[in-house]
Structure formats: structure tokens, C-alpha cells
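> Dropping the structure in here first, questions after.
Just so it is clear, none of the values below were taken in a lab; they were calculated from the coordinates. The model shown is predicted, which means the values in this text are computed figures rather than measured ones. Neighbour counts run over all protein chains shown; Cβ positions are idealised from the backbone, glycine included.
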Amino acid sequence: MLEALGINWGVLIAQLAAFVILFLLLRKFAYKPIVGMLDQRAGRIRESMEQAELVKQQTLQAEERMKTQLEEARRDGQKVLAQAEQVSERLKEEARVAARKEAEAIITRAQAEIRLEREQAIDELRAEVVDIAILAAEKVVKESLDKAAHRRLIDDVIRESGALKKG
């Protein structure tokens, strides 16, 4: 019956034997090495993925450390700025105090100089008043008295009048 279909039993068995032998040879020499290579490749891909994940985690950790360091640097910078401001304010205050002391010293010196000049002016004025009084007394009396006696007399009058004003 198979012969009526054009199937030859000898050829069919030879082809089946060749197919089984070819299948066994391919399985031994091709399928196992190909599967082994595919397994190795899958393992390498898995390792690469694991390494990529590890690198990603390390990168994230490095970014976190960098953010932390940047924040610390920012805080340190703010501290330095605050300290610089404090130093600046202290220096300004010291400069103000020094300027105030210098101004007070200048005012004190100026007051002392004014007092000295005033006393000198008063002394000069007294001397002029004495001279004018002597001249006036000479004209009134029309006789020349001793200048030393006149000066003593006028000095006494000025001292008495000065004592009356101060007292």
C-alpha cells in the first residue's frame, strides 16, 4: 500500500536512519554548543545588567555624596560670609570708636588752645588798658607820675575788679 503511494520502504528507512543520525550529530555537535554559547551569552548579559545596575547605584550614591558635600560647602560658605560680616561690623565699630576718640581729642585740644588764646588776649587787653589808663591819668593830672607806681595802682584796680566779677 505505501508502495502505491510511491513510498519505498528501503529508502524511507535509510532516510529515517540518516535523519536520526543527523539529529544525534547535530544535537551533540551543534545544539549543545549553540545552547552553551547562548547560555554563556545570557550569563554575560545578566552580568552586564548587574554591573550596570551596580554602576547606577554607585552613581546615585556618588551624586548623594556630592549633594551632601555641596550642601556642606554652601553652609561653610555661609558661615564664612557671616564671620566676615561680623568682622566687618566689628572693624566698623572700632573705626567709629577710634574716630570718636580722635574727634574728642581734637575738640579737647581746640578748647585748650581757645582757652590759652583767650587768656593771652585778656592779658594783652589788660596791658593795653593799663597803658591807656596811664596815658589818661597823665593827661588828667598833667603831670608825669612814676610809671611803675601807676602800673601797680592800675594792676591792683584790675585785680580787684576781676575778683569782684569772678566772685
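> Scan (i) 51; (ii) 48; (iii) 80 for the value of percent of Cα pairs over 22 Å apart calculated from this model and give just the label.
Here the calculated entry is (iii).
> On to the next question. Using alpha carbon centroids, what distance separates segment 6-44 and segment 113-133, in Å?
About 140 Å separates the Cα centre of segment 6-44 from the one of segment 113-133.
> Does anyone have the angle between helix 9-26 and the longest principal axis of the chain? Alpha-carbon axes, 0 to 90°, nearest 10?
Between helix and principal axis, roughly 30 degrees.
> Against the longest principal axis of the chain, how steep is helix 32-141, in degrees 0 to 90 to the nearest 10, with axes from Cα atoms?
0
> Tell me the net charge near Arg65. Cut-off is 12 Å between Cβ atoms, Arg65 excluded, with +1 for each Lys or Arg and -1 for each Asp or Glu. Working shown, then result.
Values: positive: Lys67; negative: Glu63, Glu64, Glu71, Glu72.
Overall, the nearby charge balance is -3.
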